[in-house]
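Below is one structure, written out as structure tokens; comments come after it.
The values are calculated or read from the model by the stated rules, or taken from the named source; none is laboratory data. As the structure is a prediction and not an experimental result, all values here were calculated from the model. So basically every Cβ, Gly included, is an ideal-geometry build from the backbone, and we count neighbours across all protein chains shown.
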Amino acid sequence: MAINLGEFKFQGSAQASRGLKEQKEQVTTVEGLSAIMLEVVDTEDPIEVGAETAYEIRVTNTGSKTETNLKLICSIPDEMQFKSAQGPSHFHEQGKEIVFDELPKLAPRADAIYRVMVKGIAPGDVRFKAQITSTNLIKPVIEMESTRIYEDQ
């Protein structure tokens, strides 16, 4: 079982009667694997209509190989209004989505933290959605965080 990354050489030999000998070498390359974990947490919950909250999005590479071209997209619920965002890459608004530019690489055991600030504009039990894609992910990783927006009558 491979434990460490790198190239490993294995040598084998066989000897038979009448002086027959054979020797072979086999090289096995053990590569790492990236593993992306996505966490989303709201800073204030519940919030009143007109109040603000922020979503902290933490993308962690829990694997042993650097992940490349990570792209984060956040979906803002209709009951919220986008205020601002921060992160390791620039972003732009695309309707109700906040699209962050690709993060070129994320090393093993490293994380990237994004923050999206919003304002509650209508009451409801809403879901903020974050989705990450990358070079090695076959399907996107999706995480949702619920927030309750209330209105005093």
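Considering only region 72-125, give the strands (runs of 3 or more DSSP E) lying wholly within it that have at least 2 residues that are closer than 15 Å to Gly50 by Cα and touching a Ser or Thr at 6+ places or on another chain (Cβ under 8 Å).
Correct list: 111-120.
Give the residue, chosen from Lys65, Lys71, that is surrounded by 14 or more Cβ atoms within 10 Å (Cβ to Cβ) and at pLDDT below 95.
Lys65
Taking the criterion of being of a type in the set (S, T, N, Q) and either on the phi > 0 side of the Ramachandran plot or within 14 Å of the chain's Cα centre (by Cα) (or both), would at least one residue in region 27-48 satisfy it?
Yes, because at least one residue in region 27-48 is of a type in the set (S, T, N, Q) and either on the phi > 0 side of the Ramachandran plot or within 14 Å of the chain's Cα centre (by Cα) (or both).
Give region 58-81 a look and list any residue that's under 22 Å from Gly124 (Cα atoms) and within 15 Å of the chain's Cα centre (by Cα), or say none.
Cys74
Look through region 118-143, keep the residues that are among the aliphatic types (A, V, I, L, M), closer than 30 Å to Gly63 by Cβ and surrounded by 13 or more Cβ atoms within 10 Å (Cβ to Cβ), and return whichever of them is modelled with the lowest pLDDT.
So the residue we want is Leu137.
Only one of Gly63, Gly50, Gly32, Gly12 is part of a loop (DSSP other than H, G, I, E, B) and over 30 Å from Arg109 (Cα atoms). Can you tell me which?
Gly50
Identify the residue in region 6-36 that is of a type in the set (A, V, I, L, M, F, W, C) and surrounded by 10 or more Cβ atoms within 10 Å (Cβ to Cβ) and, among all such residues, is modelled with the highest pLDDT.
Selected residue: Ile36.
Go through region 60-114 and give me each residue that's over 20 Å from Pro140 (Cβ atoms), in contact (Cβ under 8 Å) with a residue 40 or more places away in the chain and touching a Phe, Trp or Tyr at 6+ places or on another chain (Cβ under 9 Å).
Across region 60-114, the qualifying residue is only Met80.
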